[in-house]
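Peer 1: My questions will all concern the structure given below.
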Amino acid sequence: MAAYTTFDVNAKKIDIEDKAGSEFWLKHFQENTSVSTAQFAEPMLKTFSDENKKVVSVLCKHVICCSGDANKKDVTSSEFNKFLKRFGPFAQCMTNAKKVFFKETVRKDGENEYTLVPWYHGYLEDSKKKIMENPDKYLVREPKEKNVWHMLTVEYSKTFVKDGKKVLARNKKHLLINRKKNLYVWTARDGRKQGHPNIEVALKEMAKNRDPINSEMWTAVENQSLYQAASYDYD
């Protein structure tokens, strides 16, 4: 009598398109589609040992999970896949993401210091509320459209006078990440496409020199309430 093999027809598969990224995930997390940020950060720190520890740790704990909630503690294979599609290939993903999410300062001792940008909020359930509570400021969030990995959404509020009264309006734009040309591309007011290799310059143009709304993840990292990269002992 033939033997039968049982399997879960509802089981999710690891959906990481980057070959090296998929091999990394399967090696360390097997078929699990979700792992804690602490579990995820440990092998990433080992793999990218030449990279700045703070950069790798913050990207693993806050950015790759694409969450605006500073208390989120898991990373899914789908989120990792999106991150690699945006900043891959795997071997260069930390370096590419660092250019977007960190400001670099060269100190006198020769060591580079990296500070997380305040404007990135990840996913936001209610971006309208945050925008309207912070007049004439801007934020950058993950787009709510599905399967969109090549762009970020920029929102800001604008104050103008109507019928003698001050009115606060909300504006939304998309910033495209063109990896092939190393440009950040947006649509200007006249409808023409514009691009710049520095994301800070692009955002300044898009948000009309407004100040950013500080994100929860930026506050958490700045306060070092959740970030303890030095606690990872991987020697």
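Peer 1: How large is the helix-only mean residue ellipticity at 222 nm for the chain, computed as the sum of -39500 (n - 2.57) over DSSP H runs with n ≥ 4, divided by its residue count, in deg cm²/dmol to the nearest 500?
Peer 2: -8500 deg cm²/dmol
Peer 1: Can you tell me the orientation of helix 77-87 relative to the chain, as the angle in degrees between its alpha-carbon axis and the longest Cα principal axis, to the nearest 10?
Peer 2: With both axes taken from Cα atoms, the answer is about 60 degrees.
Peer 1: Next question, about the same structure. Take each of the peptides 100-106, 162-168, 85-91, 216-222, average the number of other beta-carbon atoms within 10 Å over its residues, and list them starting from the highest. Spell out each step's value before the answer.
Peer 2: Working: 100-106: 14.6, 162-168: 8.1, 85-91: 17.7, 216-222: 19.4.
Packing order, densest peptide first, comes out as 216-222, 85-91, 100-106, 162-168.
Peer 1: Per-residue counts of other Cβ atoms within 10 Å, averaged by peptide: what ranking do you get for 192-200, 206-214, highest first? Kindly include the intermediate steps, with their values, before the conclusion.
Peer 2: Values: 192-200: 12.9, 206-214: 16.9.
Descending mean neighbour count gives 206-214, 192-200.
Peer 1: How much area per residue is accessible in the range 85-165 when the probe is 1.4 Å and only protein heavy atoms are counted (Å²)? Mind dumping the intermediate values first?
Peer 2: Working: 4500 Å² over 81 residues.
On a per-residue basis, the range 85-165 sits at 56 Å².
Peer 1: Still on this structure, please answer the following. State the Kirkwood hydrodynamic radius of the range 8-164 in Å, one decimal place, computed from all pairs of distinct Cα atoms. All intermediate terms of the calculation are to be shown ahead of the outcome.
Peer 2: Numbers: mean 1/r = 0.0582 Å⁻¹.
With all distinct Cα pairs of the range 8-164 included, I get 17.2 Å.
Peer 1: Return the carbon/sulfur percentage of the accessible area of the chain, one whole number, probe 1.4 Å, all protein chains in place. Don't skip to the answer; put the middle values down first.
Peer 2: Details: 6530 of 13910 Å².
C and S fraction of accessible area: 47 percent.
Peer 1: For the residue pair N112 and K53, what label-to-label distance in nm results when each label sits 7 Å from Cα along the Cα-to-beta-carbon direction?
Peer 2: A separation of 1.8 nm, rounded to one decimal place.
The values are calculated or read from the model by the stated rules, or taken from the named source; none is laboratory data. Bear in mind the structure is a predicted one, so any value in this text is a computation, not a measurement. Please note: Cβ atoms are built from the backbone with ideal geometry, for glycine as well, and neighbour counts cover all protein chains shown. These accessible areas exclude ligands, DNA and RNA; they are computed on the full protein's heavy atoms, side chains included. Shrake-Rupley method; radii C 1.70, N 1.55, O 1.52, S 1.80 Å.
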